[in-house]
Amino acid sequence: MATDDLIASDETAFRLDLTPAQLKITYSALKSMLADFGHDEPDVHRILRGILAKLPDEASIRAIDLNAEIRRSTSA
């Protein structure tokens, strides 16, 4: 059975819990990925924008202090 048959295109494939630091890095990576794909990849752009739309807004992501989060996680 091919993996394409396991999950329908409109079903949730995976749920992921992220720490604030992980969320900020994930958001930044997705934004970079969106900027790196050329204009000849509209399907990839659409999917990346869809993922980004599920994340908190840009102002909320910017408010995450990555250095403070890293210090907090290493001191625990």
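The values are calculated or read from the model by the stated rules, or taken from the named source; none is laboratory data. Note that the coordinates shown come from a computational prediction; the quantities given were computed from them, not determined experimentally. When we count neighbours, we look across all protein chains shown, and the Cβ atoms used for this are built from the backbone with ideal geometry, even at glycine. When the accessible area is computed, the model is the full protein with side chains, heavy atoms only, and any ligands, DNA or RNA have been set aside. Shrake-Rupley method; radii C 1.70, N 1.55, O 1.52, S 1.80 Å.
What pairs come up if the first residue lies in region 44-69 and is under 14 Å from S28 (Cβ atoms), the second is charged (D, E, K, R), and their beta carbons are under 8 Å apart, counting only those six or more places apart or on different chains?
Correct list of pairs: L52/K31; I61/K24; I64/K24; L66/K24; E69/K24.
If we keep just the residues of region 18-56 that are charged (D, E, K, R) and either in a helix (DSSP H, G or I) or open to solvent by 90 Å² or more (accessible area, probe 1.4 Å) (or both), which is nearest to R71 (Cα to Cα)?
K24
Could you check how many residues of region 57-76 are of a type in the set (A, V, I, L, M, F, W, C), open to solvent by 60 Å² or more (accessible area, probe 1.4 Å) and assigned to a helix (DSSP H, G or I)? Give the derivation first.
We begin by selecting, within region 57-76, every residue of a type in the set (A, V, I, L, M, F, W, C); these are 59, 61, 63-64, 66, 68, 70, 76.
When the remaining residues are screened for being open to solvent by 60 Å² or more (accessible area, probe 1.4 Å), the result is 59, 63, 70, 76.
Now narrow it down to the ones that are assigned to a helix (DSSP H, G or I): 59, 70.
Selection size over region 57-76: 2.
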